[in-house]
Every structure is written in structure tokens, then in C-alpha cells.
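Read the structure below first, then the notes.
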């Protein structure tokens, strides 16, 4: 059976600055990502990988080219439509957990639904907390959690609305080897259980090696793709 394409990018180009300081961060990049696939984007600092992630996730708009995610052409949306799309259909995870310090784990997880005026499915919340290994920490504040637990909570917040895709920028950058492995395993569980697609930017070769596909960037362009052997 053919794989279902969830993300399609065509001719993406993004520049910053002007004149002599003009930098082409992403240069005519085209790619496809499949439903349930875990894709790692690697490359040296300044290679354009984070900019590419932001374009694919709708956090930024390209100068030219198109991005289609789950049938929606992001580049055709107006700003308010794009904001609603990000809130409802994309999950974002960053190196710094960005949890709200005065909210407990459960409140941090359900915040995206609260902001969108949606009710929380309690059974799904309980299931997600168990998957995250945070059932016994649901009423703890972020300051009472380890770094790994905080990042798992951040991932839970990103997936609570059941988005088809998660976009993660250096999600293991602040974690030790053991916690990094736990985060990678969690992404794999989300992909297997819910069909969630994960695009992650990483400098960590060990993390990248666990992805289904590794895309390497240099000077704004994709220079290689490698599919993991099973």
C-alpha cells in the first residue's frame, strides 16, 4: 500500500536581510514527508534547518514556494487563518520547555484547548499522561519536575489537540543521554499509536540515527537524505 503524504513542500526559498547582508536561509527546497514518519533534519549551525522547520510548521512564510500539510496549503492562508491552523493542527516542541511556571502539568497540557475554547477529553488526557509517564506528576508545577519530565510535559501539550504533525527544534538539546533516549522513544510511541508525524531538528547524531529518515542541510539546501535500515 502506498504511503500517505502528509507534508509536501515545493521550491521553498526564504531569505533574511538585504543588500550585502542578505542571507538565503532556505534555497529552493522540495520534499515530502509521510504520515507517521519520523524525520530528523541535521546540519551545521546556519545550514537552514530551523528555518526549514519553521516554514513547514507555518511559523514563518517563504519568499517563494508552497507548503501543504494534511491537505491544507499553508502558503495560501492569511495571517489569522495561519494562526488558527497552528493552534489546532500543529504541535511545537522547543529546546527550552516553555511551560507556564504557575500552572501544573495537567493545566499546561490542556492550555492549548483552553485557549481555543475547546473542552478536554478526560479519558484522552489520562491516556496521554500515562504515555508520558506523568500520571503521578499531573498536579506538580514545572519547577518540581526534572528536565526530562518537563520536556515530556511540553510534548504532551503539543499533542493534546491531536495534530497530525509535531515540529520539534532541538528537543533533546538540554537533556542528558538517558533523557534524550526517552524523548526519542516517546516520539516513536506517538507515531505508532496515533500516526503522528514528527519532524525534528537535531545536532545529536544518536538522536538522528533513530529517525526513519535523516535529511542533511548545508547552506540552505538539502544535500543528502538517508533512510534508516530496519
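Table for the structure above
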read-out: Inverse of mean 1/r across different Cα pairs in the stretch 58-126, Kirkwood, Å; value: 14.2 Å
read-out: Relative packing of peptides 17-23, 79-85 - highest average C-beta neighbours within 10 Å first; value: 79-85, 17-23
read-out: Residues residue 185 and residue 16, FRET efficiency given R0 of 35 Å [Cβ-Cβ distance, rounded to 0.05]; value: 0.50
read-out: Fraction of antiparallel bridges per DSSP, the chain only, in percent to nearest 5; value: 55 percent
read-out: Burial ranking of peptide ranges 28-36, 44-52 (average Cβ count within 10 Å, highest at the top); value: 44-52, 28-36
read-out: Å³ per residue enclosed by the Cα convex hull of the chain; value: 139 Å³
read-out: From the C-alpha gyration tensor of the stretch 1-53, square roots of 5λ in Å; value: 28, 13, 6
read-out: Order of 24, 110, 202 - criterion: other Cβ atoms within 10 Å of each residue's Cβ, fewest first; value: 24, 110, 202
read-out: GNM top mover of 65, 117, 133 - the chain, alpha-carbon springs below 10 Å; value: 117
read-out: Ratio of the Cα radius of gyration of the stretch 33-162 to 2.2 N^0.38 Å, where N counts its residues; value: 1.15
read-out: Relative intensity, log₁₀ I(q)/I(0), of the stretch 1-99 from a Debye sum that treats every alpha carbon as a point, q = 0.11, 0.18, 0.20, 0.22 Å⁻¹; value: -0.35, -0.93, -1.13, -1.30
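Values quoted throughout were computed directly from the atomic coordinates according to the rules given, and no laboratory measurement underlies them. This structure is a prediction, so every number in the text was calculated from the model and none was measured. Cβ coordinates were reconstructed from backbone atoms using ideal geometry, including for glycine residues, and neighbour counts include every protein chain displayed.
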